[in-house]
Each structure stands twice: as structure tokens, then as C-alpha cells.
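Just so it is clear, none of the values below were taken in a lab; they were calculated from the coordinates. Here the structure is a predicted model, which is why all the values come from computation and not from measurement. In this analysis, Cβ positions are derived from the backbone assuming ideal geometry, glycine residues included, and neighbour counts consider all displayed protein chains.
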Amino acid sequence: MELVVATSLGGLTAAGIYLILRLRAFPVILGLTLLSYAVNVFVFATGRLTVGLPPVLSDGASAYTDPLPQALVLTAIVISFGMTAVLVLIALGAFLEAGDDRVNIEDETKTTGENDA
């Protein structure tokens, strides 16, 4: 099971970093989303979750599962959804203004070599 979790974390992280390094806005947003998913799975997996134990110590249970990683991941999911929505709106506004979603748009004068003077 550890191999499956480690492989999926590595795949999510690699795909996220690859997409972040692209020169288009929307793949960068997808890369950030994949990277946040990888971090969420990592935090959830490091919580040492056990099957069949209650999240809070009760009278009949001798051990319990720590609910903190679950709460942290739930909070991170909500925050990353809001962050993704804001980034999509910023990228959409930049696309509508510039006509392209490239990250490094240069001025027309720099690319053609013309001077205004």
C-alpha cells in the first residue's frame, strides 16, 4: 500500500511541476491544482490512519485515530478550491485583454526591433 501511495504522490508532484513550468496560464493553474492534491494526499497519508478506530477516544475504545490530518486536508481542499477559482478568473481576464494565455508576452516593439523615436 505504501508503494501505491508513494507512486501516486510522485506522479502527481511530477505532473504538477511539469505543468507549472509551461508558458501558458491554464496549464500553470492545472499544475498548481495537481501539486495541491499531492500535498493533501501526503498530509492525509502521514496521519497514520487506522481502519476501525474511532476519531475520538470513547469508553469502549483503547486507541483512536488522530482527526487533525483529516481536518487539515479538508481545510486545504476548501482553500485550494478558492485559490483555483481566483487564478482562473485572473487568467481569463488576462486572456481577454491580451488575446493570448502565454505567461511571457513581450511588447510588439521588442519582438520586431522597431523604435518609437
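If R0 equals 35 Å, the separation of the Cβ atoms of Ile90 and Leu3 corresponds to a calculated FRET efficiency of about 0.35. Placing pseudo-labels 7 Å out from each Cα toward the beta carbon at Thr46 and Met83 gives an inter-label distance of 1.5 nm. Note on the chain: Cα convex hull, mean projected area over all directions, 10.2 nm². The loop-placed trypsin sites (Lys or Arg not before Pro) in region 1-67, going by DSSP, that have at most 13 neighbouring Cβ atoms within 10 Å of their Cβ come out as Arg48. Using θ = phi - 60° in the Karplus curve 6.51 cos²θ - 1.76 cosθ + 1.60, the 3J(HN,Hα) couplings for region 9-17 round to 5, x, x, 5, 5, 5, 5, x, 5 Hz; x is entered for Gly and Pro.
Relative to the longest principal axis of the Cα atoms of the chain, the long axis of helix 25-45 lies at roughly 10 degrees. Can you give the translational diffusion coefficient of region 1-66 in µm²/s, computed by Stokes-Einstein from the Kirkwood radius over Cα pairs at 20 °C and 1.002 mPa s? Translational diffusion coefficient: 156 µm²/s.
Hey, with R₀ at 22 Å, roughly what FRET efficiency would Thr75 and Glu97 work out to, going by the Cβ-Cβ distance, to 0.05? It comes out at approximately 0.05.
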